[in-house]
Amino acid sequence: MKVKAFDTNLFKRILKYTKPYKKRFNGVIFFALSLALFGALRPYLLKQTVNDFIKTKDENGLLLYITFMGIVLLMEVLTQYYFVFWANWLGQDIIKDIRVKLFQHMLRFRMKYFDNAPVGLLVTRSVSDIEQIARIFSQGLFMIISDLLKMVVVLIFMMFMNFHLSWIVIVAMPILVYITRIFQKKMQVAFEEVRTQVANLNTFVQERVTGMKIVQLFNRENIEYEKFKEINSKHNKAWIKTILYNSIFFPIADIISSLTLAAVVVFAGFHIIDGDHSTTIGDVFSYTMFIGMLFNPLRQIADKFNEMQMGMIAANRVFDILDSDDDVQQNGTVVAQHFEGNIRFENVRFSYIKDEEVLKGINLDVKAGETIAIVGATGAGKSTIINLLNRFYEIDSGAIFIENQNINDFTLDSLRTKIAIVLQDVFLFSDTIYNNITLHDTSITSATVLKAAKKIGVHDFIMSLPDGYDFDVKERGVMLSSGQRQLIAFLRAYVSNPSILILDEATSSIDTYSEELIQRATETITKGRTSIVIAHRLATIVNADKIIVMDKGQIVEKGSHFELLNKPDGYYKKLYDSQFSVENNSDKLN
C-alpha cells in the first residue's frame, strides 16, 4: 500500500501508542520548547555583549555577560541531553509495545497465513520495520517540533532586534521551503523502494540460509549466487537513489544559506558605514548565528521528515499485519477438560486452495483408547486430518467432534493442550534438551521429565550427551541426528500427558537403533490413550486397532491389518504387497 505524503489517520494511530507515556511525551515537548528559547537567547546575548560591553570596553559588564552566556549554554546542553534521551526512550518503549502486540497477533494466525507469507518478510516486519517506527519519535516528530519551535523563536528575536535585516532572511526562506518540499517528495518514493528491497533481500537470505543443505545438495550455489547478486543490485540501486537526492539537495541548501548570509552582511555593512544606527556590529554577529539556526533546521527538516516518513511506511506495513483479522483463528468459549478420546469426523470437506478439495467428505469414528492408523499415498490427505483436528486450518464444511462437542466450541489453548503431536520433521529450538522437552512449562517438573525419560527408554541416550539434559542442541536441533530428535519429540509429547496422541510419520528416515527405541517409546506413550498414527511404513502399524486407508482425499477402506489383507483386490493389500516386495529386494541386495 502506498503511503500518502503525510497520512493523518496513520499518524494519529501511531500517536495512540504514546498514551501510556503521556507525562514523558509532554516532557519531551517541554524540553523542545526550552531548547528553542535557550538556543535563540545565545545570539541575542552576543549582540548585547558586542554593542554594550566590547565597544564601550566595559570589563565588568563583559565578564558578567560572559558568565550569563555560559549559564545559558550549560542549560542548553542539559536540555539537549534530556530532550534526546527522553525522545529515544519514548520511541523504544512504544516499539516494545507494538512488537509485543504484533507477535501476540501472529501467534493466533491460521497456518494458512504462514503458508503464504515468506518468513523473511515477517522477520523484517517484526524487527527492522518496527525499529524504524522508533525513529518517528527519536529522529522525526520531536526533532521537527524542536526545529520548528526554534525557527519561530529565532524569527521573533530577529524581528525584534532588526526588522530590515530580518526581511532579507524571510524573503530567502520560501525558496528553501520549495526546494525542501520537492526533495521530500522524491525521497518518499525512494524510501518506499528501499523498504521493499530490504524485505526482498531479507526473505531471500532467510530462505537460502535455512535451505542451504538443498542448495548444496543440488549444486545450486552458482544459480543462487547470481540471484542474490540481482536482488542485492536492486537493493543497492534503491539506496543510491536516496544518496543522489541528498547529494543534490544539501549543496543547494548550503548555497542559499550562504547567499542569504552574504546579503545580510553586505546590507548591514553599508548601513553601518553610512552611519545608520538602527544596524549595529552586534547585529552582524548575532545574525550570523541566527541564519545558521534558522536555515539549518529548515534544511534538516526535510531529512527528518523523511525519517518520519520511513517510520510511517514501516508502521503501515506493520499495521497491515495487525489488521489481518481474517487470518486470525476464531477462539471458542468452552474450556476443554480431560478427554476420554472419542473423535468423530462428519462429512468433513477441506481445501488449502479454493475449489481444490483435499478432503472430500470424510466420515470417521475413533473410540476412546483406540489406536488408529491412517495410510495412503503422498497427497492422500493423511496429514491434513491431524491439521484439522488441531484447528491449524478451518474446515470448509462438515464438523469435527471430540466427546460429542464441536472442536470449534473449545478455546484453542485448552484444545491443543489435550492433544500432542510427534512430527516426522521435528523442530527443536536453540536451547537445552530439557527446555525443548518442557517448552518452559513450569508445571512440568524435572522429576517428571526424568521419570518419563526412563520409562520410555530415552534417559540413557540423553545422559550420554555432554551436559546431559542441559546439552544445547543449537538452531533446529542440528547437534542431534534425526532419530535423536524424534526421541526428544516423543518425550516432549509424553510429559505433556495428552488425552489424544498423534504420530505423523514418526518412524520414517531413522536408523535401526533409534527405531527400536522409538518402537518402545510408541508402545509406552500410546498405552491407555487415543492414538492416531500416520505412516508410510506399514510394518509399524500392523497392531493398530483400526487402519484407515485414504486415496485422493477419501477413505477407501477400513479395518484391521488382517481384515484388509484378506481383501484380494483391496487398496491396502496392494500397498502392503508392493512395500513388502521392495523391502525384500532391498534386503537381498544388501
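The values are calculated or read from the model by the stated rules, or taken from the named source; none is laboratory data. Bear in mind the structure is a predicted one, so any value in this text is a computation, not a measurement. Cβ placement follows ideal geometry from the backbone for every residue including glycine, while neighbour counts extend to all protein chains displayed. Just so you know, the surface numbers come from the protein's heavy atoms only, side chains and all, with ligands and any DNA or RNA stripped out. Shrake-Rupley method; radii C 1.70, N 1.55, O 1.52, S 1.80 Å.
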Out of all the residues in the stretch 76-95, is one or more in contact with a helix residue (DSSP H, G or I) (Cβ under 9 Å, 6 or more places away or on another chain), touching a residue at least 60 places away in the same chain (Cβ under 8 Å) and of a type in the set (Asp, Glu)? yes
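Taking the stretch 303-355 as the search range and keeping residues that are assigned to a strand (DSSP E or B) and under 30 Å from Val123 (Cα atoms), which one is modelled with the highest pLDDT? Step through it out loud before you land on a result.
Our first condition is that a residue be assigned to a strand (DSSP E or B); within the stretch 303-355, this holds for 328, 334, 343-350, 353.
Filter once more, so that each one left must be under 30 Å from Val123 (Cα atoms): 328, 350, 353.
On the way: Val328: 59, Phe350: 91, Ile353: 82.
It comes out as Phe350.
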Any residue at all in the stretch 106-127 that's assigned to a helix (DSSP H, G or I) and under 17 Å from Arg42 (Cβ atoms)? no
With the condition kept exactly as written, say whether any residue in the stretch 456-475 is free of Cβ contacts under 8 Å to residues at least 24 places away in the same chain, surrounded by 12 or more Cβ atoms within 10 Å (Cβ to Cβ) and of a type in the set (Lys, Arg). no
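For the stretch 421-450, which positions are in a helix (DSSP H, G or I) and surrounded by 14 or more Cβ atoms within 10 Å (Cβ to Cβ)?
Just the residues of the stretch 421-450 that are in a helix (DSSP H, G or I), to begin with: 433-438, 446-450.
Those that are in a helix (DSSP H, G or I) and surrounded by 14 or more Cβ atoms within 10 Å (Cβ to Cβ): Ile433, Tyr434, Asn435, Asn436, Ile437, Thr438, Thr448, Val449, Leu450.
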Pull out all pairs, ordered by first then second residue, where Cβ-Cβ is under 7 Å, the residues are six or more apart or on different chains, the first lies in the stretch 167-193 and is closer than 11 Å to Met310 by Cα, and the second is of a type in the set (Ser, Thr, Tyr) and open to solvent by 40 Å² or more (accessible area, probe 1.4 Å). Met187/Tyr245; Ala190/Tyr245
Can you name the number of the only condition in (1) surrounded by fewer than 17 Cβ atoms within 10 Å (Cβ to Cβ); (2) among the aliphatic types (A, V, I, L, M); (3) touching a Lys or Arg at 6+ places or on another chain (Cβ under 6 Å) that Ala253 fails? (1)
Leu201 being closer than 26 Å to Ala315 by Cβ, part of a helix (DSSP H, G or I) and either open to solvent by less than 40 Å² (accessible area, probe 1.4 Å) or touching a Pro at 6+ places or on another chain (Cβ under 7 Å) (or both): yes
Against the definition (open to solvent by less than 50 Å² (accessible area, probe 1.4 Å) and either within 19 Å of Arg299 (Cα to Cα) or in a helix (DSSP H, G or I) (or both)), how does Val266 come out, yes or no? no
Please count how many residues of the stretch 152-166 are touching a residue at least 40 places away in the same chain (Cβ under 8 Å) and of a type in the set (S, T, N, Q). 1
Of the conditions (1) open to solvent by 80 Å² or more (accessible area, probe 1.4 Å); (2) at pLDDT below 85; (3) not in a helix (DSSP H, G or I), Lys558 fails just one. Which one is it? (2)
Could you say which residue among Arg208, Arg135, Arg195 is among the charged types (D, E, K, R), under 30 Å from Leu37 (Cβ atoms) and assigned to a helix (DSSP H, G or I)? Arg135
List pairs: first in the stretch 399-415 and open to solvent by less than 40 Å² (accessible area, probe 1.4 Å), second of a type in the set (Lys, Arg) and in a strand (DSSP E or B), Cβ under 9 Å, 6+ apart or cross-chain? Ala399/Arg344; Ile400/Arg344; Phe401/Arg344; Ile402/Arg344
Top-ranked residue in the stretch 476-496 [being in a helix (DSSP H, G or I) and within 28 Å of the chain's Cα centre (by Cα); ranked as surrounded by the fewest Cβ atoms within 10 Å (Cβ to Cβ)]: Arg476
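Just a yes or no: is a residue in the stretch 244-261 assigned to a helix (DSSP H, G or I) and under 12 Å from Leu165 (Cα atoms)? Can you show your working first?
Taking the stretch 244-261 first, the residues assigned to a helix (DSSP H, G or I) are 244-261.
Subsequent filtering for residues that are under 12 Å from Leu165 (Cα atoms) retains 260-261.
Looking through the stretch 244-261, at least one residue is assigned to a helix (DSSP H, G or I) and under 12 Å from Leu165 (Cα atoms).
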Do you know which residues across the stretch 12-45 are modelled with pLDDT of 85 or more, open to solvent by 10 Å² or more (accessible area, probe 1.4 Å) and aliphatic (A, V, I, L, M)? Leu15, Ile29, Leu33, Leu37
With the condition kept exactly as written, say whether any residue in the stretch 361-368 is more than 20 Å from Ser414 (Cα to Cα), among the aliphatic types (A, V, I, L, M) and assigned to a loop (DSSP other than H, G, I, E, B). no
Subset tally (residues that are more than 22 Å from Gln80 (Cβ to Cβ) and buried (at least 17 other Cβ atoms within 10 Å of the Cβ)) for the stretch 113-157: 12
Considering only residues that are open to solvent by 100 Å² or more (accessible area, probe 1.4 Å) and either touching a residue at least 40 places away in the same chain (Cβ under 8 Å) or not aromatic (Phe, Trp, Tyr) (or both), look in the stretch 208-225 and name the one that is farthest from Gln197 (Cα to Cα). Leu217
Exception for Ile343 within (1) open to solvent by 10 Å² or more (accessible area, probe 1.4 Å); (2) over 30 Å from Phe249 (Cα atoms); (3) touching a residue at least 12 places away in the same chain (Cβ under 8 Å) falls at (1)
Of all residues in the stretch 510-528, which are part of a loop (DSSP other than H, G, I, E, B) and either modelled with pLDDT of 75 or more or within 27 Å of Arg391 (Cα to Cα) (or both)? Lys527, Gly528
What residue, among those in the stretch 377-398 that are out of contact with any Leu (no Cβ under 9 Å at 6 or more places or on another chain) and in a loop (DSSP other than H, G, I, E, B), is least open to solvent (accessible area, probe 1.4 Å)? Ala380
